[in-house]
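Engineer: Quick one: this structure, given as C-alpha cells, is what I'll be asking you about.
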Amino acid sequence: MKRFRPYFRHLRPVRGQLVVALLSLAVYSAASGIGLPFLLKWVIGPVFDGDRTRPDGEIVWLALLVPALFLVRGAAGFAGTYLFQLIGTHVLEGIRRDFFRKLQVLPLGWLQGQRAGDLTARALADAQQVQSAITMTASEGVKHPLTLVAAIGFVIYQAVDAEGVTLALVCLALVPLGVFPVRQAARKVLRRAQQSQAEMGSLSAQLGESLGAAREIRAFGLEDRVTGQFGVTSRALLAAQLKIAKYVQLIGPLVEFISACGVALTLVYAYRAGIKFNVLLGVLVALQQCYEPVKRLGLLNSEMKRGLAALDRLETVLHEPVTIADPALPAHVTRLRGDIAFAGVSFAYRADTPVLHDVSIRIPAGTVCALVGPTGAGKSTFVNLVPRFYDATAGTVTVDGIDVRGMRLADLRRNLALVSQEAVLFHDTIGNNILLGREGATRAEVESAARDAFAHDFITAFPQGYDTIVGERGASLSGGQRQRVALARAFLRDAPILILDEATSALDSESEAFIQAALKKLMAGRTVLIIAHRFSTIRDASTILVFEKGGIVAAGSHAAVYAASPLYKSLYDLQGASA
Ligand code: ADP
C-alpha cells in the first residue's frame, strides 16, 4: 500500500468522482450487507407472522420494497464501479505520461543499454497492472472492509438477540484463520508476477526487434530461428501466468473451506447449547456474508502483489537519475556565436574503457571543421559532447566561453542543428517534419527552407505537396529526399552550430549534387562539425581534425595535416585513389 502512495497523486484531478464513487460503494455495501436481511426479518417477516388480514395493496407495496432495494443497490453498484473505471483511466494516463516524459529526459547512454520493446511493455502492460492495483485498492479496499464490518455486526446482533454472545464468537472464531492462506498465496503471486512481467517485456522486445530487422531476417533466412526464440519466451510467459492464475484461484476455495469448518464448529456448539435451528440458520447465512469479504480481500491482496511487481519495473525507469540536466543557476544564453572549445576533455562510456583522452582544441566561430580518422577513433563521441548527449568525464566543453553544463539544455540545443547520416523523419506530413526545426515558423519560412535544401520541387510534385504523409521513418521517400527534408529542417532551425554526420552510403548522383549544393549553402557562416567521409568535403573544410585512438593527432589546414600526419596522408591518398 505504502509503495503505491506516491501515485495516488494521479487521483487528485478526479477526487470529486472518487468521493461519489466511495459513497456509492458504501450504499451498495449497506444494501447488500444489512439491507436485505433487515427487510426480510423486521419488515416483511412480521407481516407474514401476523394474522394475514392486511389489504392486497399494502402487500404489493411491501413486496415492491425488494426490487426497490435491488434497484438502489444496483444503481449504487453501477455508479461506484463505473466511476472507479473512470478514475482508473486517469491514473493510468498519469502514470504513462510520467513514464514517457522520463524516457525523453533520461541520458542517451542509459537508453542505449535498454531494449526498446521492453520499455514499451513497461509503458503499456506494467502501467496497466499498476493502475489496476491502485483502483482496486481504492474501491475494493473500501468496499469489503465495510461489508465485513456490517456482516460481523449483524452476526453479533443476531446472536445477542437470540442466545448470547458465545454463539457469535464461535461462529467468527475461524475468520482470522482465513487470512493465512490468503497471505501465503499472495506471496507466491508476487514472485510469479515479477517473472511474468519480465517475460512480457522480453516478448515485446523480441517482437520489436524482429520488426526492426524484417529485411535481415528474410535475407538471412532467420524466420524459424526467431519464431523459435519467440515461442520459448511466449511459453515462459504462459507458464508464469498460469501459476498466477493457480494461486489466485486457490484463494476462493481455501477461504470457503475454512468458512465451512466454521459452520461445522457452529453446528456442534449450537446443538450442545440447545439453540433452535431457525435461529442458527439466520446466523449461518450472516456468517457466509463474513467470509465473502475475506475472500475478496484476499484477491485484492494478490492483485496488489501483481501491481507491486509491475511497479518495480516502472520505478527502475522512473527513479533512474537524470544525470544530464539543467544546472541550478544557468547562464543567460540567447543566440550563441558558436565558438567551441574542448579543454582537457576525457570521456568513457564504461568506466574501464576510456574513449577520448585529454582532448584540447578550439574551433573558432564560423569555421568548418572536418573530423577524419578510422572507425572507432572517437569522432562521433567528440561531437556528442557538444549538445551534451553525454557529459565529459574530465575537462570542460565550452561554447562562447560558457561551460555547456552551465547552460540550460534547451538554450544550448536551440543553438544547434543536427543532421545525421540516416535522416530521421516522423510519421507526419513533410511540412510538419520540416517544422520540427523551429516550432512556430510560418508556412513561407518552411517553404523557403525547403527551397534552400532543394526539396521544394520534389515536395510540390506530390499531389498533397507539403501535406504528404511520409510514412513511418519516412518510408515513402527515397534516401536522397529524406536527406533533403532533414536539411530543410536544419535551414529552418538556422542555428549557429551545425553538426553533420556525412552519409557513407552513396546516393544517386542527382540527389548527391543537390545535397552537396544545399550543404554548402547551409554551412556558410556557421560553426560546422562534420564527420566527413568525402574527399571534397574534407578538402573544403577550414580545419581538419585527425582522430586516432581517442585523441586528436593533427589539426590544421589540409596541407598542414597532410604534411604532419602519416595517418591522414594514408587515409587521404586512399580516398583520393577511389574518388
Ligand atoms: P567514430 O565515430 O570515430 O567511428 P565513436 O566515437 O563512435 O568512433 O566510437 C569510439 C569508441 O567508443 C569505439 O571504440 C566504440 O566502440 C565506443 N563506443 C561508441 N559508442 C558507444 C556506446 N554507446 N557505448 C559504449 N561504447 C561506445
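Every number in this text was worked out from the coordinates using simple rules, so none of it is lab data. Since this is a predicted model, take the numbers as computed values, not measurements. All Cβ positions, even for glycine, are placed from backbone atoms using ideal geometry, and neighbour counts span all protein chains on display.
Engineer: Tell me, what ³J(HN,Hα) does each residue in the stretch 124-134 have, in order and in whole Hz, if you take phi through Karplus 6.51 cos²θ - 1.76 cosθ + 1.60 with θ = phi - 60° and put x for Gly and Pro?
Structural biologist: Running phi through 6.51 cos²θ - 1.76 cosθ + 1.60 with θ = phi - 60° gives 9, 5, 5, 4, 4, 5, 5, 4, 4, 5, 5 Hz.
Engineer: While we're on this one: From the Cα gyration tensor of the stretch 228-268, with a ≥ b ≥ c the square roots of its eigenvalues, which class applies: rounded if a/c is under 1.5, or else prolate if a/b is larger than b/c, or else oblate?
Structural biologist: Cα axes put the stretch 228-268 in the prolate bin.
Engineer: While we're looking at this one, here's another question. Provide, for q = 0.14, 0.20 Å⁻¹, the log10 of I(q)/I(0) from a solvent-free Debye sum over equal Cα point scatterers in the stretch 360-426.
Structural biologist: -0.49, -1.01
Engineer: If you don't mind, there's one more thing I want to ask. Bin all alpha-carbon pair distances of the stretch 31-187 at 5 Å intervals from 0 and give each bin's fraction as a whole percent.
Structural biologist: Reading upward from the zero bin: 1, 7, 10, 11, 11, 11, 11, 9, 7, 6, 5, 4, 3, 2, 1, 1, 0, 0.
Engineer: Lys/Arg Cβ at +1, Asp/Glu Cβ at -1, dipole of the stretch 67-185 taken about the Cα centre: which of 75, 146, 129 is farthest positive-ward?
Structural biologist: Of 75, 146, 129, it is 129.
Engineer: If I model the stretch 1-107 as equal point scatterers sitting on the Cα atoms and use the Debye formula, what is log10 I(q)/I(0) at q = 0.11 Å⁻¹?
Structural biologist: -0.55
Engineer: About the Cα centre, and with charges only on the beta carbon of Lys, Arg (+1) and Asp, Glu (-1), how big is the dipole of the chain? Nearest 20 debye, please.
Structural biologist: The calculation lands at about 1160 debye.
Engineer: Compute the acute angle (0 to 90°) between the alpha-carbon long axis of helix 566-578 and the principal axis of greatest extent of the alpha-carbon atoms of the chain; round to the nearest 10°.
Structural biologist: It is inclined by approximately 90 degrees.
Engineer: Taking H placed 1.01 Å from N in the peptide plane, check which residues at least 5 places from residue 373 or on another chain put their amide H under 5 Å from its amide H.
Structural biologist: Placed amide hydrogens put 547 under 5 Å from residue 373.
Engineer: What FRET efficiency would be calculated for the residue pair residue 494, residue 571, taking the C-beta separation as r and a Förster radius of 41 Å, to the nearest 0.05?
Structural biologist: 0.80
Engineer: Debye sum, Cα scatterers, the chain, no solvent: what log₁₀ I/I(0) at q = 0.09, 0.11, 0.12 1/Å?
Structural biologist: Results for the chain at q = 0.09, 0.11, 0.12 Å⁻¹ read -0.87, -1.11, -1.24.
Engineer: What does the charge dipole of the stretch 30-169 about its Cα centre add up to, to the nearest 20 debye, if the Cβ of each Lys and Arg holds +1 and the Cβ of each Asp and Glu holds -1?
Structural biologist: With Lys and Arg at +1 and Asp and Glu at -1, about 760 debye.
Engineer: Ok, one more. Relative contact order for the stretch 17-93: what percent, with Cα pairs under 8 Å and sequence separation of 6 or more?
Structural biologist: Reported relative contact order: 63 percent.
Engineer: Please state the charge dipole magnitude for the stretch 340-576, taken about the Cα centre, from unit charges on C-beta atoms (+1 on K and R, -1 on D and E), reported in debye and rounded to the nearest 20.
Structural biologist: My answer is approximately 380 debye.
Engineer: Also: Can you list the lysines whose alpha carbon sits under 29 Å from that of residue 569, skipping same-chain ones fewer than 8 residues off?
Structural biologist: Of all the lysines, those that pass the test against residue 569 - Cα under 29 Å, at least 8 places apart if same chain - are 379, 520, 521, 549.
Engineer: Further question: Given the -39500 (n - 2.57) contribution per DSSP H run of 4+ residues, what per-residue ellipticity at 222 nm results for the chain, rounded to the nearest 500 deg cm²/dmol?
Structural biologist: -20000 deg cm²/dmol
Engineer: With N set to the number of residues, divide the alpha-carbon radius of gyration of the stretch 340-576 by 2.2 N^0.38 Å and report two decimals.
Structural biologist: Dividing the Cα radius of gyration by 2.2 N^0.38 Å gives 1.04.
Engineer: Separate question: Using Cα-Cα distances under 8 Å and only pairs 6 or more residues apart, what relative contact order does the chain have, in percent?
Structural biologist: After rounding, I find 14 percent.
Engineer: State the answer as a single residue: which of 89, 465, 394 lies farthest towards the positive end of the charge dipole of the chain, with beta carbon charges of +1 for Lys and Arg and -1 for Asp and Glu, about the Cα centre.
Structural biologist: Of the candidates, 89 comes out farthest on the positive side.
Engineer: Could you tell me which of 291, 346, 310 has its Cα farthest along the dipole of the stretch 244-370 towards the positive end, charges placed at Cβ (Lys, Arg +1; Asp, Glu -1), taken about the Cα centre?
Structural biologist: 291
Engineer: Take the Cβ-Cβ distance between residue 220 and residue 246 as r, set R0 to 41 Å, and report the resulting FRET efficiency rounded to the nearest 0.05.
Structural biologist: The pair residue 220/residue 246 has a calculated efficiency of 0.55.
Engineer: How high is the relative contact order of the stretch 518-579, in percent, counting Cα pairs under 8 Å that sit 6 or more residues apart?
Structural biologist: 23
Engineer: On a 0 to 90 degree scale, rounded to 10, what angle separates helix 56-105 from the longest Cα axis of the chain?
Structural biologist: So the inclination is approximately 20 degrees.
Engineer: Can you return the lysines within cross-link range of residue 188? Criterion is Cα-Cα under 19 Å, with same-chain partners fewer than 8 residues away left out.
Structural biologist: 243, 246, 295, 305
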